[in-house]
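The values are calculated or read from the model by the stated rules, or taken from the named source; none is laboratory data. Nothing here was measured: the structure is a model prediction, and the numbers come from that model. Heads up, the Cβs are rebuilt from the backbone with ideal geometry, glycines too, and the neighbour counts pull from every protein chain shown. Side chains included, ligands, DNA and RNA excluded: accessible areas come from the protein's heavy atoms. Shrake-Rupley method; radii C 1.70, N 1.55, O 1.52, S 1.80 Å.
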Amino acid sequence: MTDAAQSLRRERLRALGLVLPLLLFVGVTFIAPLGTMLMRSVHDPVVADALPETLASLGEWTGEGLPPDAAYEAIARELVLAREERTLGQVAGRVNRVESGLRGVVTRSARGLGDVTEGPWREVMVAIDSAWADPGTWHAIRATGQRFTARHYLNALDMQQLPDGSVARQPEDRRIYLPLLWRTLIVSAGITLLCLLLGYPIAHLIAHAPPRRANVLLVLVLVPFWTSLLVRTTAWIVLLQTQGVINDLLVSAGLVGDDGRLAMIYNMTGTIIAMTHVLLPFMVLPLYSVMRAIPGRYMDAAASLGATPTQAFRRVYWPQTLPGVGAGSLLVFILAIGYYITPALVGGSSGQLISNMVAYHMQTSLNWGLAGALGGILLAGVLVLYMLYDRLVGIERLSLG
């Protein structure tokens, strides 16, 4: 190996050493949690680990009628063992997610089997709870016994797998995730458009202002970054509530009556207003970085050639700002579909987004598989949006400054 090659290798190793801490940080704090979330959305071994003999007995069951006596004997023994090992609650919870009401059946049966030492096990199980004479109970156990399953993704899309293996839509009263997903996409797109309509003239004003004034305007744009999200959201609650500042001003001006105050909080209106305020800087800054690099003589040249201000803007200025428009729109949209704190505080029941359901299943219901599936669908949507932007516009034209 020549000296030049050895020197180049040392430079590469030195560069790798410098970026290695960053790569480790990204891997531990981002890639690993993301991979864990996606794995949980398809991998759920709790029931398979707790009831292996029962599931083996159900493997020969056609699904019609009741399973063989061996399945009753196996589940009687394994439910008692699961209670002793303190895994019964997890098993009951998993089965209850497929068939509502089975949590009580499983836990009650485990308690009732504590003093039973011999069969016939079918009669014993049915005597403890008549649900064991229902094939639907066994279908639920077999469904949750799959280590790798698409069940969570089906639930996230308001679908379900029937006992015969076919897929059908959930009953109408249980279809909650697709409407929330469409609402999230529509609201995120609307907030992106609002931020563009508000941020474009603001960025133009900053880009063409004298340096001292531009610095002051930039500071005002950056103020939301320096303020706690909770403080900003609380301020909007004070402003938008029915007895708040804005409604008091409208009543004082005679625009609305005291009994006709506007409901602008704890609904979708409050969500849109608060999120637009929070995300507006993410639109302004990319636009400003692009606009300040556009020479003013281009518009002067267009005017000297006879173009009206509208024509000059549409044919000369606007096309040059498209990289900033694309970057700001992507940033705002991607951040909007993942927001959950602001909708949770100001959105009420009608202003919730799909991210609030992800947080609910992670923190309250502890259904991490469904939360992972919902997060995976959002991630897939972002990747599709990114690829669509790359195909239509070209990612090389995206500019963040």
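Things worth noting here:
- Three-way shape label, region 46-147, alpha-carbon gyration tensor, a/c 1.5: rounded
- Counting only heavy atoms of the protein chains and using a 1.4 Å probe, residue 288 has close to 40 Å² of accessible surface.
- Cα gyration tensor category, rounded, prolate or oblate, for region 341-388 with a/c compared to 1.5: oblate
- Among complete DSSP H helices in the chain, those whose alpha-carbon atoms stretch at least 20 Å along the helix's long axis and whose mean Kyte-Doolittle hydropathy reaches 1.0 are 177-207, 268-291, 318-337, 368-392.
- The chain, dipole about Cα centre (Lys/Arg Cβ +1, Asp/Glu Cβ -1), debye to the nearest 20: 2120
- Shape class for region 177-397: oblate, because the ratio a/c of the largest to smallest gyration tensor axis (alpha-carbon atoms, square roots of eigenvalues) is 1.5 or more and b/c is at least a/b.
- Note on residue 285: accessible area is roughly 50 Å² with a 1.4 Å probe, heavy atoms of protein only.
- Across q = 0.08, 0.13, 0.15 Å⁻¹, the chain modelled as identical point scatterers on its alpha-carbon atoms has Debye log10 I(q)/I(0) values of -0.67, -1.14, -1.31, in the order of the q list.
- Mean separation of Cα contacts under 8 Å (6+ apart) over length of region 177-397, as relative contact order %: 26
- Distance between the pseudo-spin-label points of residue 315 and residue 146 (7 Å out from Cα toward the beta carbon): 6.0 nm.
- A 1.4 Å probe, protein heavy atoms only, puts the accessible area of residue 30 near 120 Å².
- Calculated [222 nm] ellipticity per residue, helices only, for the chain: -21000 deg cm²/dmol; basis is -39500 (n - 2.57) per DSSP H run with n ≥ 4, divided by all residues, nearest 500.
- 182, 121, 61, ranked by accessible area, largest first (probe 1.4 Å): 182, 121, 61
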